[in-house]
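The values are calculated or read from the model by the stated rules, or taken from the named source; none is laboratory data. Everything quoted here is computed from the prediction, not taken from an experiment. Note that we place each Cβ from the backbone using ideal geometry, even for glycine, and neighbour counts take in every protein chain shown. These area figures cover heavy atoms from the full protein model, side chains too; ligands, DNA and RNA do not enter into them. Shrake-Rupley method; radii C 1.70, N 1.55, O 1.52, S 1.80 Å.
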Amino acid sequence: MDGVKRAPADFPRKSAPVSLSGEQLKQLRLPPADRFNSGVVDEAAVYRRWWFCEDLVQQLVTNTVNRIRAGQVTSLDDYVNKLHQWVIKQEWARLSVTEPEALWIRDRIRTLVEAKRKAEVMQF
């Protein structure tokens with residue numbers, strides 16, 4: 001290992017576009033999903049972005065679980081989608097969180113709350 005802390009594999013990564021000399025812009029096609037990118041990702045920067053998003057997720061999971069216990073959440077999917085809309089509308093989030101990251105946050109909240117619900121047998 002190279003000593004760089006890494007975000008989970010499912011966290012969105014952007015890579016730098018590649019260009020080659022010549023008359024037209026050319027792009028390199030790499031798996032997975034045959035996306036056009038250079039394949040170069042700054043893992044340290046991705047880790048910092050993941051840490052920021054994961055911290056937000058943990059706060060929102062705590063809030064969601066407390067609301068479930070208080071009977072304020074009737075549908076986890078609806079509530080998590082509302083949280084997603086709330087995140088993308090925040091001024092700080094527009095400057096800090098990309099749309100793929102916001103979707104990751106939404107999915108991560110759902111996953112963690114469902115796991116807590118199963119572990120604690122919380123009811124909706």
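The number of residues in segment 53-103 being within 16 Å of the chain's Cα centre (by Cα) and in a helix (DSSP H, G or I) comes to 29.
Please tell me if Val57 is among the aliphatic types (A, V, I, L, M), more than 20 Å from Ala7 (Cβ to Cβ) and either modelled with pLDDT of 95 or more or buried (at least 17 other Cβ atoms within 10 Å of the Cβ) (or both). Considered against the rule, which asks whether it is among the aliphatic types (A, V, I, L, M), more than 20 Å from Ala7 (Cβ to Cβ) and either modelled with pLDDT of 95 or more or buried (at least 17 other Cβ atoms within 10 Å of the Cβ) (or both), Val57 comes out as no. Sort out which residues of segment 74-83 are open to solvent by less than 60 Å² (accessible area, probe 1.4 Å) and under 13 Å from Glu114 (Cβ atoms), and write them in order of number. If the condition is that a residue be open to solvent by less than 60 Å² (accessible area, probe 1.4 Å) and under 13 Å from Glu114 (Cβ atoms), then Ser75, Leu76, Tyr79, Val80 are the ones that fit.
Modelled with pLDDT under 95, under 19 Å from Arg117 (Cβ atoms) and exposed (fewer than 11 other Cβ atoms within 10 Å of the Cβ): is that true of Gly71 in this structure?
yes
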